[in-house]
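Working notes, beginning with the structure itself.
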Amino acid sequence: EKITISVIKADIGGWPGHSRVHPQLVETAEEVLAGAKEKGTIIDFYVATCGDDLQLIMTHGKGVDSPEIHGLAWKAFEEATKVARGLGLYGAGQDLLKDAFSGNIRGMGPGIAEMEITLRKSEPVVTFHMDKTEPGAFNLPVFRMFADPFNTAGLVIDPNMHMGFRFEVWDIKEHKRVILNTPEELYDLLALIGAKSRYVIKRVFPKEGHKIPKDEPVAVISTEKLYQIAGEYVGKDDPVAIVRAQSGLPALGEVLEPFAFPHLVSGWMRGSHNGPVMPVPMRMANPTRFDGPPRVVALGWQISPEGRLVGPVDLFDDPAFDEARRKAIEIADYMRRHGPFEPHRLPMEDMEYTTLPGVLERLEGRFEPVE
Ligand code: 13P
Ligand code: 13P
Ligand code: MG
Ligand code: MG
Ligand code: MG
Ligand code: MG
């Protein structure tokens, strides 16, 4: 029997500014989801936060893209938005870009990662939650987990995963996708996903012959681009991901290992800057310095045979990640000293959806031709 894990998130108001979620928003979302659990719509849930983003983690039997589950998430966000408005929170309802729910939450503002899976005898799962960055921020770590033998020892020494994996990559500009096989097409994959603002890993699948059926994802990432929905900058598309671990998949520690390197991502202040992503426990997921630096939280779960969420375990709450945090602060200092200069500030093409064009417009009449 299959169960579905859905992680649906939205920024519906920051406290203060864009720094964190007010606890009353979490309580409101919990009430809505508790009601749905009682009615049997969902099996289990947990409401988490990362920075100013409210994260609904749910298990259920309704498959991906279920109107009922998406409608439930929408309702939780709407109810919490009312509370956010009452408290005068910053950007209340920020990510709810449409007025009325019409069957699928995709393209309405919230970010979504969902997978329908056949539970293994034991099903260890990690949900990742990022703030102040974009979906492409997962390209490097997910590549490392499932394709880099220097990260994942299992690719070399475990016969159950030695054959590699399949990556589904989306071109988010042209709305196209391609499936690439690793290790055979490793270089093609990197040619695409290195351009992380355009090509994003959407899902990873096992190959033929793996213990897990080849059409069942082993990792899925949210890829929603808010500006493409709203037509202008309304906050970055702070992404989430779900990754399964162990037994023919990367071990838990191989899933976490890429984050020991605080790689550069875009987002941070006004969604307009490059900076390091800092792996943090939940209590440290409140970005304040220059509205950052970007954060990533990892929550560990075992899924019970009935689909209950046994967790969360706050996986970056480990002194072994202190050095990554220290390094991230050092990189943050270094990047900040560039002020408004690239490559701290994003390149022009990525600034197109920010407030910068409004400034440049005013200078237009002042330009004159040069010989
Ligand atoms: P155990 O021997 O503790 O099960 O660990 C196996 C493993 O996969 C560690 O990475
Ligand atoms: P969020 O995307 O987290 O709302 O941040 C927006 C922003 O402009 C931060 O400076
Ligand atoms: Mg915000
Ligand atoms: Mg955010
Ligand atoms: Mg946001
Ligand atoms: Mg954002």
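Summary table
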{"read-out": "Relative packing of 129-139, 265-275, 340-350, 22-32, which averages over residues the other C-beta atoms within 10 Å, highest first", "value": "129-139, 265-275, 22-32, 340-350"}
{"read-out": "Inter-label distance, nm, simple model (7 Å from Cα along the C-beta direction), Ala191/Glu68", "value": "4.6"}
{"read-out": "Where only alpha carbons of the stretch 1-118 are counted, the Rg and the Dmax (Å)", "value": "13.4, 45"}
{"read-out": "Percent carbon-and-sulfur accessible area, the chain, ignoring ligands, DNA and RNA, probe 1.4 Å", "value": "53"}
{"read-out": "Candidate residues Val243, Val156: accessible-area rank, largest first, probe 1.4 Å", "value": "Val156, Val243"}
{"read-out": "Inter-label distance for Glu79 and Lys211, nm, one decimal - labels placed 7 Å from Cα along Cα-to-Cβ", "value": "3.9"}
{"read-out": "Probe 1.4 Å, all protein chains present, accessible-area order of Arg289, Arg177, largest first", "value": "Arg177, Arg289"}
{"read-out": "Test item: Cα-centred dipole of the chain, Lys/Arg +1 and Asp/Glu -1 on Cβ, debye", "value": "260"}
{"read-out": "Orientation-averaged projected area, Cα convex hull of the stretch 119-360 (nm²)", "value": "13.6"}
{"read-out": "Label-zone membership for the stretch 51-83, site Asp99, 7 angstrom Cα→C-beta point, backbone N under 20 Å", "value": "71, 74-83"}
{"read-out": "Relative contact order %, the stretch 1-118, counting alpha carbon pairs below 8 Å whose residues are six or more apart", "value": "41"}
{"read-out": "Computed lengthening from Phe261 to Val313, 0.36 nm per intervening residue step minus Cα-Cα distance", "value": "16.6 nm"}
{"read-out": "Full-extension gain in nm, Lys173 to Gln24, via 0.36 nm per residue minus C-alpha separation", "value": "50.0 nm"}
{"read-out": "The stretch 117-140-the stretch 292-315 distance, computed between alpha-carbon centres (Å)", "value": "9"}
{"read-out": "For the chain, accessible area per residue (1.4 Å probe, heavy atoms of protein chains only), Å²", "value": "44"}
{"read-out": "Packing rank of 316-329, 47-60, 293-306, where each peptide gets the mean count of other beta carbons within 10 Å, highest leading", "value": "47-60, 293-306, 316-329"}
{"read-out": "Sequence-distant residues sharing a close amide H with Asp44 (under 5 Å, placed H)", "value": "Thr59"}
{"read-out": "222 nm mean residue ellipticity, helices alone, for the chain (DSSP H n ≥ 4; -39,500 (n - 2.57); rounded to 500)", "value": "-7500 deg cm²/dmol"}
{"read-out": "Solvent exposure ordering (accessible area, 1.4 Å, most first) of Leu97, Leu363, Leu180", "value": "Leu363, Leu97, Leu180"}
{"read-out": "Label-point gap, in nm, between Val359 and Phe150 - each point 7 angstrom along Cα→Cβ", "value": "3.7"}
{"read-out": "Positive-end residue, the chain charge dipole about Cα centroid, Cβ charges, pick of Leu360, Gly93, Leu249", "value": "Leu249"}
{"read-out": "Under the Karplus curve 6.51 cos²θ - 1.76 cosθ + 1.60, θ = phi - 60°, whole-Hz ³J(HN,Hα) for the stretch 124-138, x wherever Gly or Pro sits", "value": "x, 9, 10, 9, 10, 9, 10, 10, 6, 7, 10, x, x, 5, 7"}
{"read-out": "Net lengthening on full extension, Lys39/Met163 (0.36 nm per residue, minus Cα-Cα)", "value": "40.3 nm"}
{"read-out": "Cubic angstrom per residue, convex hull over Cα atoms of the stretch 237-371", "value": "156"}
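The values are calculated or read from the model by the stated rules, or taken from the named source; none is laboratory data. Note that this is a predicted model, so its numbers are computed, not measured. Backbone-built Cβ (ideal geometry, glycine too); neighbour counts: all protein chains shown. Just the protein is used for accessible areas: all its heavy atoms, side chains included, with ligands, DNA and RNA removed. Shrake-Rupley method; radii C 1.70, N 1.55, O 1.52, S 1.80 Å.
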